[in-house]
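Notes to accompany the following structure.
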Amino acid sequence: MSEKIVGDAIKGKRDKVQILTKYGLRWDTDKGKFFFPSVSNEGKPVRMYKYASKTNVINECEESLQRLGIDYIDLYQIHWSDPTTPIEETMEAVELLIQQGKIIASGVCNYTADEMKRADQVVSLASNQVPYSMVKRDIENEVVPFCLKNEIGILAYSPLQRGVLTGKITHDYQFNKGDNRQNLPYYQGDNLDTINQFLQKIKPIADDRKMSLTQLVINWTLKQPGITCVLVGARSPEQVDENIKAAGFDLTEQEMKTINSELDNLNLAI
């Protein structure tokens, strides 16, 4: 459905946009590795599978091109590694699609450094989309160094750690039905208190800059080594505008030092 909506939106504008889409996560088959239960657009329960066989990758690309109404995809990314299919087989399909001109560049998501190494031996990787935030920095150990060494871009998602780094989540915050964030460790007990205390310590920087905490957090994330872009969700046009403005300034060396010093002292039970 989302690809059809995008396809309608870009009619007559293909030369003005870049199209990034994904493959390897199916709900209409029981092949591959079961991932999680979900609900279809019609409200019916479905089971999601990680599945990225060579045939499936090629078929998914054709289906995406048809739904989008375009001849090629700029960046084609696998959702998650499929443990039932060798990475080399998956990437052979992607390399074939590049040779056919159906995609321009190959990307992966949620890949470890070892998985990227295997993939990059078959097809040149352009990017890895991974979770990264002030309070989730594990990619700095292996993924970032590998990407820097091999000139692979990092598309950082969840830079606000699903909202907890906005400073708006407190112990009395009312989550909507079905919102499972309250079950995550970042939103519980001492962790939530520690995060909010940290945010209050860096808030003066945001205030001096006349920006929101959200903008400060996004900007810090964007400035980290290896981070090519930051993917931020938005529920309104106003939030989109706010997020865009987060890239419109440069933190000083002293401001970065202050933030990083506070982060070094951050002690979470995650």
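Some points to look at:
- Under 5 Å from the amide H of SER127 lie the amide H atoms of VAL108, GLY153, each residue being 5 or more positions distant or on a separate chain, with H modelled from the backbone and absent for Pro and chain starts.
- Highest-first arrangement of 246-253, 38-45, where packing means the average Cβ count within 10 Å: 246-253, 38-45
- Each label point was placed 7 Å from the Cα along the Cα-to-Cβ direction; for LYS117 and VAL240 their separation is 4.2 nm.
- Ranked by how many other beta carbons lie within 10 Å on average, peptides 186-197, 168-179 from highest: 186-197, 168-179
- In the chain, the DSSP-assigned H stretches of four residues or longer account for a calculated mean residue ellipticity at 222 nm of -12000 deg cm²/dmol, using -39500 (n - 2.57) per stretch and the full residue count as denominator.
- Annotation: amide H of GLN77 within the under-5 Å range of THR21, LYS22, TYR23, GLY107, sequence separation 5 or more or interchain, hydrogens built in the peptide plane.
- Estimated vicinal HN-Hα couplings, Hz - region 58-71 in sequence order (Karplus 6.51, -1.76, 1.60; Gly, Pro = x): 5, 5, 5, 5, 4, 5, 5, 4, 5, 5, 7, x, 10, 9
- For region 134-165 versus region 197-260, the gap between their alpha-carbon centres in whole angstrom: 15 Å
- Value of D in µm² per second that Stokes-Einstein yields for region 108-217, Kirkwood Rh from Cα pairs, at 20 °C (1.002 mPa s): 135 µm²/s
- A Förster radius of 22 Å, combined with the Cβ-Cβ distance separating LEU20 from ASP179, puts the computed FRET efficiency at roughly 0.25.
- Rounded to the nearest Hz, the phi-derived 3J(HN,Hα) couplings of region 79-94 under the Karplus curve 6.51 cos²θ - 1.76 cosθ + 1.60 (θ = phi - 60°) are 4, 9, 5, 9, x, 8, 10, x, 4, 4, 5, 4, 6, 4, 5, 5, where x marks glycine and proline.
- Accessible-area value, LYS257, 1.4 Å probe, nucleic acids and ligands omitted, Å²: 140 Å²
- With an a/c value of 1.5 or above and a/b larger than b/c for the gyration tensor axes a ≥ b ≥ c computed over the alpha-carbon atoms, region 53-107 is described as prolate.
- For the chain, the share of DSSP beta bridges that are antiparallel, to the nearest 5, is 30%.
- Across the alpha-carbon atoms of the chain, the computed radius of gyration and Dmax are 20.1, 55 angstrom.
- Added length on full extension, which subtracts the Cα-Cα distance from 0.36 nm per residue, LEU266 to ARG209: 18.2 nm
The values are calculated or read from the model by the stated rules, or taken from the named source; none is laboratory data. Keep in mind the model is a prediction, meaning the values are calculated, not measured. When we count neighbours, we look across all protein chains shown, and the Cβ atoms used for this are built from the backbone with ideal geometry, even at glycine. Just so you know, the surface numbers come from the protein's heavy atoms only, side chains and all, with ligands and any DNA or RNA stripped out. Shrake-Rupley method; radii C 1.70, N 1.55, O 1.52, S 1.80 Å.
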